[in-house]
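Participant: First the structure, then my questions, so here it is.
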Amino acid sequence: MITFNQVSKRYSSGFEALKQVSFELEKGEMAFLTGHSGAGKSTLLKLIAAIERPNSGSVLVNNQNVSALKRAALPYLRRNLGIIFQDHKLLFDRNVFDNVLLPLQICGFDHRESSKRVRAALDKVGLLKREKTNPIALSGGEQQRLCIARAIVNRPSILLADEPTGNLDAEYAQEIMNIFKSFHQVGVTLLISTHDAGVLRDNQIRVIALKQGEIQTSTATPISDEQHVEQTCLPTHPATEENEPA
Amino acid sequence: MMHALAQKFSTLLIAFRRIFASPVAGILNILVIGIALSLPTGMYLLLQNAQGLVAQISGAPQISLFLAMDTTQEEAGKLRKQLGQHNRIANAEFISRGLALEKLKESTGLEDVIAGLGNNPLPDAYIITPKQTDAKSLEDLRNELQRLPAVEHAQLDSAWAYKMEALLEFARIAVLILASLLSLGLIAITFNTIRLQILTQDDEIQVSGLIGATDAFIRRPFLYFGAMQGLIGGIAAWLIIAISLLFLKAPLATLSQLYASNFTLHPLSMADSFSLLLFSVYLGWLGAWLSVGRHLSRMAH
């Protein structure tokens, strides 16, 4: 479903975000993308959605080389992806319902069908009762769930999430993870970047670990606690603080 | 199909609401557009009226031949023959001095003055309609006729009309220049309004792009806004002109009566009104298109 072939990305500032990254994510697979901040997690996700373009190598999504896509073709790639942004990117000039409606408006769904889908998506993330609320009045966890609802309302086959549990406490984080797992169960391909040790420990899922722009490990089996301590920066988890790598 | 139309219509409604979202700014913009458009349109209208007036008064160019007062019957007969056979004259109409006096009385309303004159001061005359009507051949023919023995004076009636025509041509180009400049101004106004709007809606544009909106989708509400603002500005211009004409009507009627003419200002024709609105819609749309286009190409880099 998603294939990276020797992908390198250098920003115009000269910073090398990704170096010769290769990996493959099967259809229906779910994986965590881990690493320090600055390890290249966000860049990797942006390359999949063609928000950034690689300097070399190729990124294939659905056997389509997205790094070579023309600008005019990008919208149609992105409609097939659900993206959960690190900074949420919610619109505060409209209510919860209209935020989730936006992707459907863009795709040109008719009014009745889109209302149905918006409510279904809000129900899935437990925000159905808040549809008239302005997102600014939502808690951090609720905003995150709203962001998920907007990403899934279009029923994409691939879901990308950039630090979806970043500022949430453990309980909320696990709630979000459970939502992702339910998508995984219905065949959605998921790639979730995180540096949340708790999330990694509690979920037995494949981990792709990045370090300074290179893939360190890409395990098909869940990693042990010790391994991911070395690979990830874990500021939020008390158990790992003393072991944090220099 | 119906659904796509419904969606475009709701975008149109959003654009309309945005114009008056900040009423003062919205109305000021429309006023500026209205005034900018009404200036050249109003001048165009005055020009058209002036042109109509000139055409109405001057008609086809003619040469008046005034015969000497002491012309004999014999000389007059000879002249009639000469004029009848002249190959550059289409028609020569004889106006006797009696008839001329009658006409003068009728057309000017100076009966009292004329009655006070005692005897008729007017000479016999011919009104010559030439075959060629360009300025050069008219002047040549006039000179030739002036040299005929019985002719006291040959006068080219339409000389002033040609001068007027040249003046109008000058004014027409001036209006065209003014219209072009103000159109540029109108595009700039829309460009700037849309630019400010884009700034306030940058989040929406960014997010829309990230979740699969085409450029056309992002552009649409702004284009509709520009076109709508142009349309309302055009309507404002039309109203400004209509109201100005209303104010001008009474003084013009008085003036026209003083000159014993039945001249009235013609309002903008249906076709001209339609062109005005179409043009202002187009300018608004163009300004919006340029503004969003610039933003989108910046976003792409």
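Participant: Can you tell me, using C-alpha contacts under 8 Å and at least 6 residues apart, the relative contact order of region B:60-157 as a whole percent?
Facilitator: On the way: 131 pairs, mean separation 51.0, N = 98.
Contact order relative to length: 52 percent.
Participant: Please compute the net charge surrounding A:Gln105, taking Lys and Arg as +1 and Asp and Glu as -1 over other residues with Cβ under 13 Å from its Cβ.
Facilitator: Values: positive: A:Arg79, A:Arg94, A:Arg117, A:Arg150, B:Lys8, B:Arg220; negative: A:Asp98, A:Asp110, A:Glu113, B:Glu204.
Result for the neighbourhood of A:Gln105: +2.
Participant: Right, another one. Do you know the relative contact order of region A:91-155, to the nearest whole percent, from alpha carbon pairs under 8 angstrom that are 6+ apart? Could you put the intermediate results ahead of the total?
Facilitator: Working: 66 pairs, mean separation 32.2, N = 65.
Reported as a whole number, the value is 49 percent.
Participant: Now for a different question. Can you give me the accessible area per residue for region B:245-301, using a 1.4 Å probe, in Å²? Walk me through the numbers on the way to the answer.
Facilitator: On the way: 4010 Å² over 57 residues.
The answer is 70 Å² per residue.
Participant: Report the semi-axes of the equivalent ellipsoid for region A:92-152 in whole Å, largest first, where each axis is √(5λ) for an eigenvalue λ of the Cα gyration tensor. Before the final figure, lay out each step's value.
Facilitator: Numbers: eigenvalues 66, 26, 19 Å².
With the √(5λ) rule applied to region A:92-152, the semi-axes are 18, 11, 10 Å.
Participant: Under a point spin-label approximation (7 Å from Cα along Cα-to-Cβ), what is the B:Thr264-B:Arg80 distance to one decimal in nm?
Facilitator: 4.3
Participant: Additional query: Restricting to bridges with both residues inside the protein assembly as shown, how much of the DSSP beta-bridge set is antiparallel, in percent to the nearest 5?
Facilitator: Working: 33 of 50 bridges.
Bridges in the protein assembly as shown that DSSP calls antiparallel: roughly 65 percent.
Participant: A further question follows. Please find the FRET efficiency linking B:Leu31 to A:Gln86, where r is the Cβ-Cβ separation and R0 is fixed at 41 Å, and quote it to the nearest 0.05. Before the final figure, lay out the partial values.
Facilitator: Values: r = 45 Å, r/R0 = 1.10.
Once rounded, the FRET efficiency stands at 0.35.
Participant: Under a point-charge model restricted to the Cβ atoms of Lys and Arg (+1) and Asp and Glu (-1), what is the dipole moment magnitude of chain B relative to its Cα centre, in debye to the nearest 20? Kindly include the intermediate steps, with their values, before the conclusion.
Facilitator: Working: 22 positive and 22 negative charges, 241 e Å.
It comes to approximately 1160 debye.
Participant: Still on this structure, I have one more. Which whole-number percentage describes the relative contact order of chain B, with Cα contacts under 8 Å and a sequence gap of 6 or more? Provide the component values of the computation, followed by the final result.
Facilitator: On the way: 323 pairs, mean separation 89.7, N = 301.
Reported relative contact order: 30 percent.
Participant: Along the charge dipole of region A:91-155, which of A:Leu101, A:Leu127, A:Ala151 sits closest to the positive end, that is, farthest toward it, with unit charges on the beta carbon of Lys, Arg, Asp and Glu (+1, +1, -1, -1)?
Facilitator: So the residue we want is A:Leu127.
Participant: Near the amide H of A:Gln216, under 5 Å away, which other amide H atoms are found, from residues 5 or more places off or on another chain, if H is placed in the peptide plane?
Facilitator: For A:Gln216, the qualifying residues are A:Ala209, A:Leu210, A:Lys211.
Participant: So how many Å³ per residue does the convex hull of the Cα atoms of region B:159-301 work out to?
Facilitator: Numbers: hull volume 18.5 nm³, N = 143.
Dividing the Cα hull volume of region B:159-301 by its residues yields 129 Å³.
Participant: Oh, and also: Name the residues of region B:168-201 whose amide N is less than 11 Å from a point 7 angstrom out from the Cα of B:Ala50 along the C-beta direction?
Facilitator: What the label zone holds, given the 11 Å backbone N cut-off, is B:168-175.
Participant: Right, another one. Once the Cα gyration tensor of region B:60-157 is found, what semi-axes does its equivalent ellipsoid get, as square roots of 5 times the eigenvalues, in whole Å, sorted largest first?
Facilitator: Numbers: eigenvalues 129, 54, 23 Å².
After diagonalising the Cα gyration tensor, the semi-axes are 25, 16, 11 Å.
Participant: What is the Cα coordinate range of chain B on the first, second and third principal axes, sorted by size from largest, in whole angstrom?
Facilitator: Over chain B, Cα extents along the principal axes are 101, 41, 34 Å.
Participant: Show the residues, 5+ positions off or on another chain, whose built amide H is closer than 5 Å to the amide H of B:Leu268.
Facilitator: none
Participant: Enumerate the whole-percent occupancy of each 5 Å bin, from 0 to the last occupied one, for all C-alpha pair distances of chain A.
Facilitator: Histogramming chain A at 5 Å steps yields 1, 6, 14, 17, 19, 16, 13, 8, 4, 1, 0, 0 percent.
Participant: I would also like to ask the following. Can you give me the convex hull volume of the Cα atoms of region A:70-191, divided per residue and expressed in Å³?
Facilitator: Numbers: hull volume 13.4 nm³, N = 122.
In region A:70-191, the Cα hull volume divided by residue count equals 110 Å³.
Participant: Given points 7 Å out from each Cα along the Cα-Cβ axis, report the A:Asn167 to A:Asp110 separation in nanometres with one decimal.
Facilitator: The two pseudo-label positions are separated by 4.1 nm.
Participant: Could you compute the net charge surrounding B:Ala92? Neighbours are other residues with a C-beta less than 15 Å from the C-beta of B:Ala92; K and R count +1, D and E count -1. Write out the running numbers ahead of the final one.
Facilitator: Working: positive: B:Lys78, B:Arg80, B:Lys81, B:Arg88, B:Lys131, B:Arg142; negative: B:Glu93, B:Asp124, B:Glu144, B:Asp157.
Charge balance near B:Ala92 sits at +2.
Participant: May I ask you to list the aspartates and glutamates whose Cα is less than 17 Å away from that of A:Lys116, ignoring any residue fewer than eight positions away on the same chain?
Facilitator: A:Asp98, A:Glu131
Participant: Follow-up. Quick check: net charge around A:Asp169, other residues with Cβ under 11 Å of its Cβ, Lys/Arg +1 and Asp/Glu -1?
Facilitator: Working: positive: none; negative: A:Glu171, A:Glu175, A:Asp196.
After counting each charged neighbour, the total is -3.
Participant: Take each uninterrupted DSSP H stretch in chain B, measure its Cα extent along the helix axis, and return the ones at 20 Å or beyond whose mean Kyte-Doolittle hydropathy is at least 0.0.
Facilitator: Passing helices, by number: B:2-19, B:23-58, B:159-200, B:215-258, B:270-300.
The values are calculated or read from the model by the stated rules, or taken from the named source; none is laboratory data. Fair warning: this is a prediction, and the values are worked out from it, not measured in the lab. Cβ: placed from backbone, ideal geometry, glycine included. Neighbour counts: every protein chain shown. All accessible areas refer to the heavy atoms of the entire protein, side chains included, with ligands and DNA or RNA removed. Shrake-Rupley method; radii C 1.70, N 1.55, O 1.52, S 1.80 Å.
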